[in-house]
Amino acid sequence: MTLLSDCASAATAAEARFRIDYPNSRPRATRIVALDEAAAAAMRKAQTATWNDARFLVCLGRSRGVQGLDSIPPDLDLRAPDGSVVRLSDELSGADAVVMVATAAADHEAAATIGDACRSRGVAATGLVVAPEDTPDALGPTLAALRPTARMLVVASEAEYIPEMLAALRA
C-alpha cells in the first residue's frame, strides 16, 4: 500500500466529492476609494479590468456632518467614475469591503472617517499605500492615519500591484 502525502490525497477522486464546484453564492461588494489624486491616478489602470461588484471612487476631502453632535457621524463626498458626487454613507450601504488606496499625499482625516464608518458598519477596511521605493520616509503620516482603521495594511512600491491586490481580495 502506497501512502500519499496530504496534498496528494486531497487531489484524489475520493476526496473530490467534498469539493464545492460552484462559486460563492453572493459576490463581494467592494468599494475602492482613492484618498488623493495621485492614488486616483494609480488606480485608473485597475478600473479598466472586469470586477464583480467593485466601485472605484475618489475622495473629494470634504467632510459633511454637524460638528459637535455625536449622533450624526461625519460623511464624505466621493467622486464616482462618471463624475457624479456620491456620499460615503450611501456607498457603504451593502458593501462588504473597502480598500483605501493612498500615497504620501493622502487625506488623513478622510482615512479616519472612512475607517470609522467601516468599523461602525462591520465592513472590512484595507489600506493599500502606493509608495515608490525612494520615498519611504514620507509615508509615516499616511501609515499612522491608516493603521488604526485598516484590518490589513499593505505598502506596494508600484501601482501595478493594485489590480493584483484587488483580485486577491475578490473585488
*What are the residues whose amide H is under 5 Å from the amide H of R55, where those residues sit 5 or more places off or on another chain and H is modelled from the backbone?*
T30, R31, I32
*Report, by chain and number, residues whose modeled amide H sits under 5 Å from the one on A156, excluding near sequence neighbours (fewer than 5 apart, same chain).*
V129, V130, A131
*How much FRET efficiency would the formula 1/(1 + (r/R0)^6) give for R121 and R19, where r is the Cβ-Cβ distance and R0 is 35 Å, rounded to 0.05?*
0.60
_Efficiency of FRET between S84 and A144 - r from beta-carbon atoms, R0 25 angstrom, step 0.05_ = 0.20
*Output ³J(HN,Hα) for the range 29-36: one whole-Hz value per residue in order, computed from phi by the Karplus curve 6.51 cos²θ - 1.76 cosθ + 1.60 with θ = phi - 60°, and x for Gly and Pro.*
9, 10, 10, 9, 10, 7, 8, 7
*asked:* I need the calculated FRET efficiency for the pair R28 and D6, taking r as the beta carbon distance and R₀ as 35 Å, to the nearest 0.05.
replied: 0.75
*Run the 1.4 Å probe and let me know the accessible area of S93, rounded to the nearest 10 Å².*
80 Å²
*How far apart, in nm, are the 7 Å Cα→Cβ label points at Y161 and T48?*
2.2 nm
_Using 10 Å bins from zero, what percent of all Cα-Cα pairs in the range 117-171 falls into each bin?_
22, 48, 27, 3
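The values are calculated or read from the model by the stated rules, or taken from the named source; none is laboratory data. Since this is a predicted model, take the numbers as computed values, not measurements. Positions of Cβ are generated from backbone atoms using ideal geometry, with glycine treated the same way; all protein chains shown enter the neighbour counts. Surface areas here come from the heavy atoms of the whole protein model, side chains and all, with no ligands, DNA or RNA. Shrake-Rupley method; radii C 1.70, N 1.55, O 1.52, S 1.80 Å.
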